[in-house]
Amino acid sequence: MRACLRVAPVLLLLAFVLPVSARTLYYRIDPVHTQILFSVDHDGYSHPVGRMKIKAGWLRFDESDWSTAKVVADVDAASVDFGDKDWNDAVTGKRFLDAKEFPLAHFESTSVEKQDAQHGTLKGNLSLRGVTREIAIPFTLNRVGATIFSGMQTLAGFSAQTTLDRLQFGMTAFPKAVGTQVGLHLEVEAVLDQDAEKNYDAHSVKQDSGNAAAQH
């Protein structure tokens with residue numbers, strides 16, 4: 001009896017500790033500390049850099065098994081910021097992003113390939129301007145851990161770079177004056193939140209219902 005009483009607290013402790021390390025962890029993407037930078041050749045003179053914002057997204061990540069990882073994210077197409085209103089309007093206009101007709105760019109990963117302890121390649125489908133293409137995004141895992149700057153919440157941080165061919169997404173205007181290869185640099189921070197996927201899906205359903213009601 002005494003042995004059972006001694007073992008019981010240990011088993012109870014394990015019941016709380018083990019699932020945390022064994023279960024798949026979900027994170028919500030933090031739009032404040034996540035940055036999407038892009039650059040493109042400007043008639044051979046320079047490579048201006050613009051910025052866009054993540055509207056919503058989540059990721060699933062297990063440090064011990066990258067094969068289970070997944071990322072879903074929406075980018076606000078109207079959030080383009082080149083530091084100049086006319087330039088912003090040109091990029092978000094019909095000849096390029098056509099943000100009024102296609103307000104969101106949507107990415108959903110399909111697989112992750114791990115190269116080493118910090119590097120991998122994320123593959124998935126990007127829907128941009130009504131066109132969906134498969135892309136590959138090499139990335140670096142920077143850090144997973146708690147920080148006082150987030151109230152001791154657990155964060156996961158990643159950096160990534162890739163290149164998109166804008167012609168493949170129907171942006172064919174000015175192919176000689178504006179480069180067709182768009183460089184992307186992403187800095188992503190995500191906050192541990194086991195309800196991240198559920199909350200994202202619920203918001204998406206609510207938003208879709210609102211859009212359908214508005215059309216009627």
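Rule-based calculations on the coordinates, nothing more; no lab input. The model shown is predicted, which means the values in this text are computed figures rather than measured ones. Every residue, glycine among them, receives a Cβ derived from its backbone with ideal geometry; neighbour counts consider all protein chains shown.
Some points to look at:
- Cβ-derived FRET efficiency at R0 35 Å, LEU167 paired with ASP84, nearest 0.05: 0.90
- In this Cβ point-charge picture (+1 for Lys and Arg, -1 for Asp and Glu), region 26-215 has a dipole of about 340 debye about its Cα centre.
- Close amide H partners of LYS55, meaning residues 5 or more places away or on another chain with modelled amide H under 5 Å apart, are ASP74, VAL75, ASP76.
- In units of the rule-of-thumb radius 2.2 N^0.38 Å, region 26-215 shows an alpha carbon radius of gyration of 1.06.
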